[in-house]
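Note sheet for the following structure.
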Amino acid sequence: MEGPRSVGRLALFDLDDTLVDRGRGFARWAREFALSRGWGEREERWLLASDQESTGGRREFFGRVREEFGLAESADELWAGYRSRMPDLVVCPPETLNGLTALRRAGWRVGVVTNGAHDNQSAKIERTGIGAVVDGFCTSGELGIRKPDARVFRVAAERCGADLARGGWMVGDHPTDDIAGGRAAGLHTVWITHGRPRPAGTPAELEAADATEAIALLGRRS
Ligand SMILES: [Mg+2]
């Protein structure tokens, strides 16, 4: 394996469930949404379970919400309401923000690369304070291409003033989008476990319980 000096000092981070607690934010949204319609726990549980099962993107998810509950609004209207609210419901822990700041002070270029609608993802990045402590970010929504496509990582690196060809690190919780994608883009990877065993074939060099621990691991390679 290459030594840390040859890897370069670029660190890219996934957003949802890596830098911010997207799962907890969604649970807050589901509680609010159910309450605002006079619904109870059954409906809230349906929203949480459907979110877990959802693989087709948010428009499809809100199409299912609309159908299940016979809502008058269109799926697009429901999705727009969600995107305008979610940025206020996710949090980036202060220790993670401090870690990103320290990593940059140690000479690293730090960026965010995230799949999702641009308005939702960029507002999350700004309102959580992440935007103020990173060199750059990109979203799949603005580019029209998604992780694990290597081009997304290349754009993120460029926005950080770094060159993907010089290597670096990708930190994320998704085995395919973040870890396999990061590896295919020529990056070393840190898989965020959240206590999960590593799926077979996930090619991560390092594992960390959360982003704060991952930042500490990278900082030791400065
Ligand atoms: Mg994620």
Need one number: nm distance between label points at Asp163 and Asp119, each 7 Å from Cα along Cα→Cβ, rounded to one decimal. 3.9
Please give the contour-minus-distance gain from Ala72 to Ala27: 0.36 nm per residue of separation, less the Cα-Cα distance, rounded to one decimal in nm. 13.9 nm
So what is log10(I(q)/I(0)) for the range 22-88 at q = 0.11, 0.15, 0.21, 0.22 1/Å, when the Debye sum runs over its Cα atoms only? -0.21, -0.41, -0.88, -0.98
Angle in degrees between helix 41-53 and the longest Cα principal axis of the chain, rounded to the nearest 10: 40
Mind listing P(r) for the range 145-214? All alpha-carbon pairs, 10 Å bins, whole percents. 23, 52, 23, 2
Mind grabbing the base-10 log of I(q)/I(0) for the chain at q = 0.11, 0.14, 0.15, 0.16 Å⁻¹? Debye formula, identical points on the C-alpha positions, no solvent, two decimal places. -0.54, -0.84, -0.95, -1.06
Taking the mean number of other Cβ atoms within 10 Å as a proxy for protection, how do you rank 88-98, 52-62 from highest to lowest? 88-98, 52-62
Over its Cα atoms, what ratio of radius of gyration to 2.2 N^0.38 Å does the range 97-222 give? 0.98
From the phi angles alone, apply the Karplus equation (6.51, -1.76, 1.60; θ = phi - 60°) to the range 23-38 and give each ³J(HN,Hα) in whole Hz, x where the residue is Gly or Pro. x, 5, x, 5, 4, 5, 4, 4, 4, 4, 4, 5, 4, 5, 10, x
With x for Gly and Pro, the residue-by-residue ³J(HN,Hα) of the range 75-81, computed from phi through the Karplus equation 6.51 cos²θ - 1.76 cosθ + 1.60 at θ = phi - 60° and given in whole Hz, is 4, 5, 5, 4, 5, 5, x
With each run of n ≥ 4 DSSP H residues scored as -39500 (n - 2.57), what mean residue ellipticity at 222 nm is computed for the chain after dividing by its residue count and rounding to the nearest 500 deg cm²/dmol? -13500 deg cm²/dmol
Could you put Trp191, Trp39, Trp79 in order, starting from the residue whose Cβ has the fewest other Cβ atoms within 10 Å? Trp39, Trp79, Trp191
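Where a number appears in this text, it was derived from the coordinates with a stated rule and is not lab data. Note that the structure is predicted; figures quoted are calculated from it, not measured. Because the Cβ atoms are built from the backbone with ideal geometry, glycine has one as well, and the counts that use them run over all protein chains shown.
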